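The structure appears below as structure tokens.
The values are calculated or read from the model by the stated rules, or taken from the named source; none is laboratory data. Since this is a predicted model, take the numbers as computed values, not measurements. Cβ: placed from backbone, ideal geometry, glycine included. Neighbour counts: every protein chain shown.
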Amino acid sequence: MTILESPVHVAVVADRCAGCQECVIRCPKGALSMDSVTWTVLADDAACVGCRQCERTCPFGAISIEGPVQLAERAEVSLYHPARLLGDVGETRRGFADEAAALAEADRCLSCLDPTCVRGCPAHNDIPGFIGAIRRRDYAGAQTILHATSVTPDICSRVCNQAAQCEGACSWSLAGAAPVAIGRLERYITERAAVPAPRVSTSGAGISVGIIGSGPAGAGAAWDLVEAGCQVTVYEADATPGGLPVWGMPDFTLPDEIARRPWVQLEDAGVEVVTNRRIAASEVDSLLNVHDALIVAVGAGMPIRPKVPGIDADGVTDATSFLKGAKSALDGTGDAASFLESLGVHAGARVLVLGAGNTAMDVARLARRLDLGALCVDWMDERFALARPDELAEARAEGVEVRFTRTLAALHAREGRVARAELARTEQASAKRVPTVLAEDHELLDVDLVVMAMGYRNDPNFLSVLPGTPVRKVVAAVPDATWRASGLMAAPAPTPGRASIGELALGRESGLWAAALARRDRVWVAGDALTGPATVVEAMAQGRRAARSILDTRPSRTGQPGAPRVLVAYESVGGTTRKVAETIASRCFGRGLDVSVRPMGDVGAREIAAADVLVIGTWVEGFVLAGVRPAKAARAWLASLPPLAGRSVAVFCTYGVNPRGALDEMAALVEAKGARVLSREAFRAGDLKATGTSGPESFAARVVSRVLEESLARVVSR
Amino acid sequence: MVLQAEQEGFRGGREVYLIDPIPVAIRTRAPQDPGTHFALTDPAPGRDLAANSHVARLLRNRKFQFLLILPNQIIFWLVIGIGLLGTVVPGLNFATAITWYVWFCLVFVMMVVVGRAWCAMCPFGGFGEWVQRHTFFKRTTKPIGLNIKVPEKVGQYGFLISVGAFLLLTWIEEYFNIAGPGNPAATSFMVLGIVGSALASFLIFERRSFCRYICPLSSLIGTVGAMGSVAGFRTRDRDVCQSCATKSCMRGGEDGFGCPWYTWPGSADSNLACGLCSECYKACPSDNIGLYVQTPLTSVIAPTRRRADVAWAVALLFGLVVYQQVNALSFFAHVDDWLNAHTGFPQYPNPLDYVGGIAVVALAMAGAAQLVRALVGRRDAALPAAGSSFVDRTSPFRSFFVPLMYGIIPVVGADYFARQLPKFFQHATRVVPAVGHLFGAGTTSSALYNTSIIGSNSGIITVQVGVMAAGTLAAMYTSWRVAGRDLAGLSTSRRRVQVTAAGLALALGVITAVLYVMMNAAD
């Protein structure tokens, strides 16, 4: 281990330093303090290690670091290369050789005070927390910290693309240095202490929840629900629970016993798993009759098929079928020769894999272990490749040929079976642009088998019964303020045209919040079924978020338990709208409803998820009769609402002269989100003063009676 | 930030992880408490104009600054067009009349009374900002241009680049006799030059770096504006600002851009760099920013952080206005001609006497500070604590020079204002025939063309001397207060240093007033 000796200098532009202390409160080494005379930042160069968090977090760019980072080198762990590839599914990526190596790596962690790695992790694992526990050699404690946010640390530490998540967001990485090996440290914890089993609550939530699908989203949801004492029933189409990590991830990436571990523990904890039971989209309604809540976690399993001549010939299969068969052939439950025979090929045959993403790499590497030749083609430029760089390198090292800027133009069959593939060249100027296919220079390849591994899409049958899915992961034009404050958003995109680490992380965050919202009455969606194909850790985290939402809202198939919950959200500038909102809230509370009243800026997905009825109010902008509309901030907030899936909404506004079409515009905005407008009312600011608050009170009374009517109707109908 | 989690109902355990686990992993240290650092400069809570709901509504409106800029923008593009295409008679050309007879004088009134009022409505910065933000008033997020920061080497000198730009622009104005009044087209070219350089700066640098560092008027408005009665946008509750997790006023929020002027309402101790644009007010998620008024001269007297760039700006700007007074005296033409003849320079003003004259006055200010120190300073006095940057570091010289220069700001402001009065009194009425001329009505024979608000030289001199008397009295007061607080500990006696500082202000006031008498209302 070598510590670089070069000095680091912290330069503060005193003229621009505003004394806000954003750098001071975050500096992991305590190298910054305030000058009490000038109220600007003072820096201690000797204490600085050059992580540049201050640079990234300073709102005015008043601080900069000169000199290299002061960081020990990251010790890489060598891969396991099978001496003889054929039939060897031994794990290729290894953990730390010993505790000393793990502790040395843990010592590289800065224990950042506003850790960007935690934001980079889709599950928001407390990474500095568990690394601190490793330093203390408290592996059980580290597991406890991990367990708070992840039920699959052993799986995630093996299959996560850490470079695009926690390690990509590590302060050292953002400073241009090698990040802490967070994934390997997480794995080390799971190697030293077993992942704790679910701790089932004795009190019992008394909710029956059905989960369709037993992938990572289902596991995450089932875990929290069973811990809270819910009766959880999981419906799985396959014979074995576990979803894609079990059937789709080769053992050399994820050993089978680790992939199955969560379900072993969940079944032991009392989760009922109904295997070999494929739930059709049309069965969702009938399942709602037997469960209080339903979580749809069916994944996105429809393979994308290229529309080229000859694709329907024999000898063309999809990645799912190949992966399932190959796994079984290699893990001893099946037989390689029979599998090859079922595919119509023999050892040494040439397999063309369409695509060069991570699934394609898995297919190709399994093919190599079955003694097949493997060639992957992808129409993207290698600079913008979607596969993990390490995965790509490992595949190539195992003899997989990967050709980028190539696409399949046609398949030519001989006697009904594919025999030749015609490949066209492509060009891709930037990551943002779709590659263009070039007409000339087609090449012909002899192939014996074609495997389609170009990605997956959602089952259209489920999309039709789940409004608003798949949701798009979005980053607002002005990203979340605390995320920007952390400095994560300041990191540039690694490849021009690609999303930066911060944008990726914040996009995943929108998926998480989307999971907290019921898509229909008592129906939640999580994982790939919600956002389209994504990652194991995202699905697991979304499943937990959906479970939390169910535990918060406590749905019931026999009626609404407890009082309906009303959220009054308002946008006020001078206080009039706030007063009206408070009056309405007070009236609702007086009628026994569970009420909260908040400015729109404080209302996020969580608050909306926990409300049965929304009452939304704003002042109207404009001058007399010109440009009269709901306030811009309110319009923006309404436009940013998630799908409301039939939620009841009442709208009101306050105005000076004439509200004109403000109420209609508000109603249209909420209706566009799938809400039902219960009632609407405009209040003249002057009249409120003149006649007391009778207007808002009568409006509130109407809202209350409609809410109670609906609540009663729901109970009766069930 | 853990505190924030507690506020949201965090009671430990697993629940909070599941709701939003990020706050749990945030362990930022508590910000240092500024204690009484801002006690003298924080305006009284009752002086918050934004406490009025109508004002609040206006400030929250995104068109607020656009509507301030728009009329000026129209006028200045008219100036450019009419200066180039209109009559060559300066007094009858709208460009010359509005720019030099009215606008310049109004700017000084605004800076003395308000502060950076002009900056809020400036068409130069406004135009650059519209282009940079690619909108007239909307909250956009991806600025056009390179969007780079002003380099540290430049930034560390604060307002001194702006002083240099003002000296250069004034020399150009004198050389081409733009305001003299010369050819109206020259006014257009000058305005175009400013618009062009502003636009280039806005396309290269981020935010209002142009206004903060480069704009020729910025240092003058910033320093003289300290006399103004508007404190700017300031925090309502500093604890809320200190613990704010977003700092949207600096980084930008959904409704407002981050401060274009690099000012944080949570630490502003004067109106020096508040451009009154209201973006922080719009961006604040906690409604914790107000628009405060203050007693006139507060931003001269109260700040505890005295900046060397401001002090040198005062000295140099004083040098410039005194130079302009001296060059109006009859003997100066001979000096300038003599220098031109010996240096081969074609015409007035010779750069040597221009730079030399300004430097002599500025150095005389430095010398005066040294003299005050020699007269009343304690040799055994320990230097006050200070930072290490150019703007903040201290020395025996700076410990007197910097506060004394703050003290004389009113006399410098009055001097600039008085300098503009002859043109205003003699020619301001020409704006009416100049406007009429555009429609074929105004001529050089029209009554308003030949009318003056104050026609006699003695009348103008009386007003100028009156302005200087008021400025001098104000400067004596500020010098007295500043010396009493900042210099008492460095001097043999508080009263002695106060009298000496006020005496310096008086001397400068008398000298400049005498110069106005000698100038005989020359414009």
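Wholly within the stretch A:222-303, which helices (runs of 4 or more DSSP H) include no fewer than the required count, namely at least 2 residues that are closer than 21 Å to A:Asp521 by Cα and either of a type in the set (Val, Ile, Thr) or out of contact with any Leu (no Cβ under 9 Å at 6 or more places or on another chain) (or both)?
It comes to A:284-288.
Only one of B:Gln347, B:Gln426 is within 30 Å of B:Ala505 (Cα to Cα) and in contact (Cβ under 8 Å) with a residue 12 or more places away in the chain. Can you tell me which?
Of B:Gln347, B:Gln426, the one residue that is within 30 Å of B:Ala505 (Cα to Cα) and in contact (Cβ under 8 Å) with a residue 12 or more places away in the chain is B:Gln426.
Determine whether A:Gly622 is on the phi > 0 side of the Ramachandran plot, within 14 Å of chain B (Cβ to nearest Cβ) and either among the hydrophobic types (A, V, I, L, M, F, W, C) or in contact with a helix residue (DSSP H, G or I) (Cβ under 9 Å, 6 or more places away or on another chain) (or both).
Yes: the conditions hold for A:Gly622.
Which residues, taken from the stretch A:197-225, are outside the structural domain of A:Gly248 (by TED's automatic domain parsing) and closer than 20 Å to A:Pro255 by Cβ?
Result: A:Ala197, single match.
Looking at (1) within 21 Å of B:Gly256 (Cα to Cα); (2) in contact (Cβ under 8 Å) with a residue 24 or more places away in the chain, which is the only condition A:Leu644 fails?
(1)
From B:Val517, B:Val497, B:Val411, grab the single residue that is surrounded by fewer than 24 Cβ atoms within 10 Å (Cβ to Cβ) and not in a loop (DSSP other than H, G, I, E, B).
Testing whether each residue is surrounded by fewer than 24 Cβ atoms within 10 Å (Cβ to Cβ) and not in a loop (DSSP other than H, G, I, E, B) leaves just B:Val517.
Name the residue that is surrounded by the most Cβ atoms within 10 Å (Cβ to Cβ), counting only residues in the stretch B:369-395 that are more than 14 Å from every other protein chain (Cβ to nearest Cβ) and in contact with a strand residue (DSSP E or B) (Cβ under 8 Å, 6 or more places away or on another chain). Explain how you work it out, then say what you get.
First, pick out the residues of the stretch B:369-395 that are more than 14 Å from every other protein chain (Cβ to nearest Cβ): B:369-381, B:395.
The next check asks that each one be in contact with a strand residue (DSSP E or B) (Cβ under 8 Å, 6 or more places away or on another chain); those that pass are B:376-378, B:381.
Numbers: B:Val376: 23, B:Gly377: 20, B:Arg378: 13, B:Ala381: 15.
Looking at residues that are more than 14 Å from every other protein chain (Cβ to nearest Cβ) and in contact with a strand residue (DSSP E or B) (Cβ under 8 Å, 6 or more places away or on another chain), I get B:Val376.
Which pairs do you get when a residue that is closer than 17 Å to A:Gly141 by Cα, found in the stretch A:112-129, comes within reach of a residue that is among the basic types (Lys, Arg), reach meaning Cβ atoms under 8 angstrom, with the pair 6+ apart or on two chains?
A:Pro128/B:Arg27
Consider A:Thr583 against the criteria (1) more than 21 Å from A:Asp521 (Cα to Cα); (2) of a type in the set (Ser, Thr, Tyr); (3) surrounded by fewer than 16 Cβ atoms within 10 Å (Cβ to Cβ): it satisfies all of them except one. Which criterion is unmet?
Condition (3) is where A:Thr583 drops out.
Starting from residues that are within 37 Å of the chain's Cα centre (by Cα) and charged (D, E, K, R), keep the ones in the stretch A:586-613 and report whichever is surrounded by the most Cβ atoms within 10 Å (Cβ to Cβ).
Residue satisfying both the conditions and the ranking: A:Asp612.
Whether any residue in the stretch A:69-88 is under 30 Å from A:Ala11 (Cα atoms), in contact with a Leu (Cβ under 9 Å, 6 or more places away or on another chain), within 14 Å of chain B (Cβ to nearest Cβ) and outside any helix (DSSP H, G or I) is what I want to check.
no
It is to be established whether one or more residues within the stretch B:51-65 are part of a helix (DSSP H, G or I), without any contact (Cβ under 8 Å) to a residue 24 or more places away in the chain and either more than 14 Å from every other protein chain (Cβ to nearest Cβ) or over 28 Å from B:Ser270 (Cα atoms) (or both).
No, because not a single residue in the stretch B:51-65 is part of a helix (DSSP H, G or I), without any contact (Cβ under 8 Å) to a residue 24 or more places away in the chain and either more than 14 Å from every other protein chain (Cβ to nearest Cβ) or over 28 Å from B:Ser270 (Cα atoms) (or both).
Which one of these is of a type in the set (D, E, K, R) and touching a Pro at 6+ places or on another chain (Cβ under 6 Å): A:Asp612, A:Asp594?
The conditions single out A:Asp612.
Quickly run through the stretch A:108-122 and pick out the residues that are part of a loop (DSSP other than H, G, I, E, B) and either within 8 Å of chain B (Cβ to nearest Cβ) or more than 23 Å from A:Arg548 (Cβ to Cβ) (or both).
If the condition is that a residue be part of a loop (DSSP other than H, G, I, E, B) and either within 8 Å of chain B (Cβ to nearest Cβ) or more than 23 Å from A:Arg548 (Cβ to Cβ) (or both), then A:Arg108, A:Cys109, A:Leu110, A:Ser111, A:Cys112, A:Leu113, A:Asp114, A:Pro115 are the ones that fit.
Anything in the stretch B:474-501 that is touching a residue at least 60 places away in the same chain (Cβ under 8 Å) and of a type in the set (A, V, I, L, M)? List them, or say none.
Answer for the stretch B:474-501, where residues must be touching a residue at least 60 places away in the same chain (Cβ under 8 Å) and of a type in the set (A, V, I, L, M): B:Ala474, B:Ala475, B:Val482, B:Ala483, B:Leu487, B:Leu490, B:Val497, B:Ala501.
Among the residues of the stretch B:327-368, write down those that are within 27 Å of the chain's Cα centre (by Cα), small (Gly, Ala, Ser) and surrounded by fewer than 16 Cβ atoms within 10 Å (Cβ to Cβ).
If the condition is that a residue be within 27 Å of the chain's Cα centre (by Cα), small (Gly, Ala, Ser) and surrounded by fewer than 16 Cβ atoms within 10 Å (Cβ to Cβ), then B:Gly356, B:Ala359, B:Gly367 are the ones that fit.
Of all residues in the stretch A:599-625, which are part of a loop (DSSP other than H, G, I, E, B) and modelled with pLDDT under 80? Break it down stepwise before answering.
Initial filter on the stretch A:599-625 (part of a loop (DSSP other than H, G, I, E, B)): A:603-604, A:610-612, A:624-625.
Passing the criteria: A:Gly604, A:Ala610, A:Val624, A:Leu625.
Here's the yes/no breakdown for (1) more than 14 Å from chain B (Cβ to nearest Cβ); (2) modelled with pLDDT under 95; (3) outside any helix (DSSP H, G or I):
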{"position": "A:Asn125", "(1), (2), (3)": "no, no, yes"}
{"position": "A:Pro128", "(1), (2), (3)": "no, no, no"}
{"position": "A:Ala133", "(1), (2), (3)": "no, no, no"}
{"position": "A:Val151", "(1), (2), (3)": "no, no, yes"}
{"position": "A:Asp154", "(1), (2), (3)": "yes, no, no"}
{"position": "A:Ser157", "(1), (2), (3)": "yes, no, no"}
{"position": "A:Ala163", "(1), (2), (3)": "yes, yes, no"}
{"position": "A:Ala169", "(1), (2), (3)": "no, no, yes"}
{"position": "A:Trp172", "(1), (2), (3)": "yes, no, no"}
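Does the stretch A:342-358 include one or more residues that are closer than 30 Å to A:Glu76 by Cβ, in a strand (DSSP E or B) and modelled with pLDDT of 95 or more?
Scanning the stretch A:342-358 turns up at least one residue that is closer than 30 Å to A:Glu76 by Cβ, in a strand (DSSP E or B) and modelled with pLDDT of 95 or more.
Counting only residues that are among the small types (Gly, Ala, Ser) and part of a loop (DSSP other than H, G, I, E, B), which one in the stretch B:264-286 is nearest to the other protein chains (Cβ to nearest Cβ)?
B:Ser267
Need pairs with beta-carbon distance below 7 Å; first residue farther than 21 Å from A:Cys160 by Cα and assigned by TED's automatic domain parsing to the domain that holds A:Pro262 and within the stretch A:535-550, second part of a helix (DSSP H, G or I) and charged (D, E, K, R); sequence gap 6+ or separate chains.
A:Ala547/A:Asp224; A:Arg548/A:Asp224
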